[in-house]
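Asker: Take this structure first; my questions come after.
The values are calculated or read from the model by the stated rules, or taken from the named source; none is laboratory data. Note that this is a predicted model, so its numbers are computed, not measured. Heads up, the Cβs are rebuilt from the backbone with ideal geometry, glycines too, and the neighbour counts pull from every protein chain shown. What goes into the accessible areas is simple: the full protein's heavy atoms, side chains included, and nothing from ligands, DNA or RNA. Shrake-Rupley method; radii C 1.70, N 1.55, O 1.52, S 1.80 Å.
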Amino acid sequence: MKTKEIFQILKSIFGYDTFRPLQEECVLSVLDKKDTLLIMPTGGGKSLCYQIPALIFSGLTVVISPLISLMKDQVSQLKELGVEAEVINSTLSWDEYNANKRLVQSGKTKLLFVAPETLFKPDILEMLEQCHVDCITVDEAHCISEWGHDFRPDYRRIKDIRSQFPHTVFLAVTATATERVRHDIIANLTLNDPVKLTASFNRDNLFYEVIPKNRATDQTLDFLEKFKGQSGIIYCFSRKQVDNLTDDLNEYGFKALPYHAGLSSEVRNKNQELFIRDDVPIIVATIAFGMGINKPNVRFVIHYELPKNIESYYQETGRAGRDGLPSHCLLLFNPGDIAKIRYFIDQKPDKLQRRVALDHLNAMVDYAESRKCRRVPLITYFGENYTVEDCEQCDNCVNPEEPTVDLTVEAIKFLQCISETEEIFGAVHLINVLRGSQSEKVQNYNHHECHIFGQGSGLSLKQWQNLVRQFIQEKLIDKEKKYGVLSLNERSHDLLSGKRNFEGYSPPPDKIKSKARRVSRVTNYGNTLFEELRKKRKELADAKGVPPYVIFSDKSLVDMCQRLPQNKKEFIQVFGVGDQKLKKFGDTFLQIIKKYHNKSGVSR
């Protein structure tokens, strides 16, 4: 009976015919009142795992989330589906705050979204004690762990309320968590013999690509030409970079807005809203942006600089293609970015924090430099065994591996440079000596008098950096962790004495473009019809003051273009169409589809 009921709700409320992997297991576990830990990638459908039980439980489900924008968004979507949901957080006026409290106390509300700091306010705890709380869901549960990438001390207090709600089931959900972080979540929430559910971290609709960064603005503009009119996020390291790149994009005709902590909260909220509502296609942001963005039609994510860890990278790229349609993730990689991140790591006062951050950074660099399938280092980082030989959805798998060439001459030059400068310098200074730089540091150390000075001038700085990374990966030289000093080892001496050669990959030319294929727009499923449906969706969304995807996702519109439903019985079969959406929007969208079908003569 329970299984039949959850499938009935899945279709009638949410408009889906089937569950995604692990959703059904999680829903049943929560309904059985078993504490549960759910690890599911961004876009995998975590919210359904507490929304469906909430509609079956007689009492209240409380969702604790640090993401104010996501709370508001989820409540809008649930209300559009006819579900009673409210939010209580610091953004509400006093009147709204009290009105929402009264709705919760009345027993009508099925889901209450609160921020962790709001949860511990005496009046909120008192209100919840008067309610029958069936489930407490901890969203973004990795925030509870110091080993996680987004630690928030407020989360550590959540376990303190367990004694107040002894009969309440706890569900912890997150998109990213290593084995260590999962253990922390269970321990810090004192989950009782929890059911542990871990979905695959593989997002097979995402294409991953890493290219050497050179003339980054030109590389970005070239990439955007293939995604004209589509939504995307570009992540930068600094506020200044965000502002400069935003100006450049607008100058070249790409409509973009900035988002960073240097802007007022009003400007940030306005820019985010314009992006979410499809009024502006591109947002250029620091990592301050994106937590809680539920926009499903983000078609690309560009990392303008190296992220500081794989968890952040995975989560940020995960904001692309949440609707399951093909999307592209591009990372522009410059080894110089490593030094910038290391500088900030060195400022951390705590030795453990420094060690953890450095481990995270090294794993990120390994990913960026990998010549294997991108999914291997990305997915195995989270403890999943990924064994597919060719994912067909990353640059390394799509582009046949280039043949190795003899680089012994270049290697000998670099080793001689290390030797002549007494093995106490890092890569940049050594390359400057090799390339004949007249820099102050080279002059001060009299390295312009070295025999090797200028003998590597035939290669650019970027090309030498590429070779040095190969030398380190193949253990031809040693790199000291703290300061990056390069030194010789046994393999180095074997090569210098002629006992061995060095084979590697030719360093690429300085200017490299993304190999992103020109992405065929989603509209190709029914060019004119898709645009007409999209236009009507935007009109309805603006009238209601909600993002367009609250009305229908791109995936629903694509399905309409493919099915060309002619009546309500056929329209209810469309992906994402439940009873409420059929009732509210069926006639409007059917009218557009039938008119298009009659005019175009396209066969169904």
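Asker: Within the stretch 12-24, which residues are surrounded by 16 or more Cβ atoms within 10 Å (Cβ to Cβ) and out of contact with any Lys or Arg (no Cβ under 7 Å at 6 or more places or on another chain)?
Answerer: Once the filter is applied, which keeps residues that are surrounded by 16 or more Cβ atoms within 10 Å (Cβ to Cβ) and out of contact with any Lys or Arg (no Cβ under 7 Å at 6 or more places or on another chain), the stretch 12-24 yields ILE13, PHE14, TYR16, PHE19, ARG20, LEU22, GLN23, GLU24.
Asker: Something else: Scan the stretch 251-269 and tell me whether some residue there is of a type in the set (A, V, I, L, M, F, W, C), under 24 Å from ILE338 (Cβ atoms), touching a strand residue (DSSP E or B) at 6+ places or on another chain (Cβ under 9 Å) and modelled with pLDDT under 90.
Answerer: Among the residues of the stretch 251-269, not one is of a type in the set (A, V, I, L, M, F, W, C), under 24 Å from ILE338 (Cβ atoms), touching a strand residue (DSSP E or B) at 6+ places or on another chain (Cβ under 9 Å) and modelled with pLDDT under 90, which makes the answer no.
Asker: For the stretch 216-238, enumerate the residues that are in a loop (DSSP other than H, G, I, E, B) and of a type in the set (A, V, I, L, M).
Answerer: none
Asker: What tally of residues in the stretch 90-116 results from selecting those that are open to solvent by less than 10 Å² (accessible area, probe 1.4 Å) and either under 25 Å from the mean Cα position of the chain (by Cα) or at positive phi (or both)?
Answerer: Summing the residues that are open to solvent by less than 10 Å² (accessible area, probe 1.4 Å) and either under 25 Å from the mean Cα position of the chain (by Cα) or at positive phi (or both) in the stretch 90-116 gives 4.
Asker: Any chance the stretch 359-378 includes a residue that's modelled with pLDDT under 85, surrounded by fewer than 17 Cβ atoms within 10 Å (Cβ to Cβ), over 14 Å from SER312 (Cβ atoms) and not charged (D, E, K, R)?
Answerer: No, the stretch 359-378 contains no residue that is modelled with pLDDT under 85, surrounded by fewer than 17 Cβ atoms within 10 Å (Cβ to Cβ), over 14 Å from SER312 (Cβ atoms) and not charged (D, E, K, R).
Asker: Identify the single condition in (1) of a type outside the set (S, T, N, Q); (2) surrounded by fewer than 16 Cβ atoms within 10 Å (Cβ to Cβ); (3) farther than 24 Å from VAL75 by Cα that GLU539 does not satisfy, given that it satisfies every other one.
Answerer: (3)
Conditions tested, residue by residue: (1) open to solvent by less than 40 Å² (accessible area, probe 1.4 Å); (2) charged (D, E, K, R).
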position	(1), (2)
ASN334	yes, no
LYS340	no, yes
VAL356	yes, no
PHE382	yes, no
VAL405	no, no
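Asker: Another question, then. Would you tally the residues in the stretch 481-506 being more than 30 Å from ARG355 (Cβ to Cβ) and in contact with a strand residue (DSSP E or B) (Cβ under 9 Å, 6 or more places away or on another chain)?
Answerer: 7
Asker: Take the stretch 476-509 and flag every residue that is in a loop (DSSP other than H, G, I, E, B), surrounded by 13 or more Cβ atoms within 10 Å (Cβ to Cβ), touching a residue at least 40 places away in the same chain (Cβ under 8 Å) and of a type outside the set (Phe, Trp, Tyr).
Answerer: First, pick out the residues of the stretch 476-509 that are in a loop (DSSP other than H, G, I, E, B): 476, 480-485, 489, 497-502, 505-509.
After this cut, where a residue has to be surrounded by 13 or more Cβ atoms within 10 Å (Cβ to Cβ) as well, the list is 476, 484-485, 500-502, 505-508.
Next, only the ones that are touching a residue at least 40 places away in the same chain (Cβ under 8 Å) stay: 476, 484-485, 501-502, 505-508.
Within the stretch 476-509, LEU476, GLY484, VAL485, ASN501, SER506, PRO507, PRO508 meet the criteria.
Asker: In addition: Among the residues in the stretch 223-231, are any open to solvent by 10 Å² or more (accessible area, probe 1.4 Å), in contact with a helix residue (DSSP H, G or I) (Cβ under 8 Å, 6 or more places away or on another chain) and not polar (S, T, N, Q)?
Answerer: There is no residue in the stretch 223-231 that is open to solvent by 10 Å² or more (accessible area, probe 1.4 Å), in contact with a helix residue (DSSP H, G or I) (Cβ under 8 Å, 6 or more places away or on another chain) and not polar (S, T, N, Q).
Asker: Do we find that ILE472 is within 18 Å of ALA339 (Cβ to Cβ), in a loop (DSSP other than H, G, I, E, B), at pLDDT below 95 and not hydroxyl-bearing (Ser, Thr, Tyr) in this structure?
Answerer: So ILE472 fails the test.
Asker: Find the residue count for the stretch 85-106, including only residues that are over 21 Å from LEU70 (Cα atoms) and either of a type in the set (A, V, I, L, M) or outside any helix (DSSP H, G or I) (or both).
Answerer: Residues meeting the conditions: 1.
Asker: Would you pick out the residues in the stretch 380-427 that are aliphatic (A, V, I, L, M) and either in contact (Cβ under 8 Å) with a residue 12 or more places away in the chain or on the phi > 0 side of the Ramachandran plot (or both)?
Answerer: Answer for the stretch 380-427, where residues must be aliphatic (A, V, I, L, M) and either in contact (Cβ under 8 Å) with a residue 12 or more places away in the chain or on the phi > 0 side of the Ramachandran plot (or both): VAL388, VAL398, VAL405, LEU407, ALA411, ILE412, LEU415, ILE418, ILE424, ALA427.
Asker: Now for a different question. With the condition being farther than 29 Å from GLU490 by Cβ, I'd like the helices (runs of 4 or more DSSP H) fully within the stretch 404-460 carrying at least 2 qualifying residues.
Answerer: Qualifying helices (runs of 4 or more DSSP H): 440-444.
Asker: In the stretch 547-604, which helices (runs of 4 or more DSSP H) lie fully inside it and hold 2 or more residues that are of a type in the set (Gly, Ala, Ser) and over 29 Å from the mean Cα position of the chain (by Cα)?
Answerer: Passing ranges, in order: 579-600.
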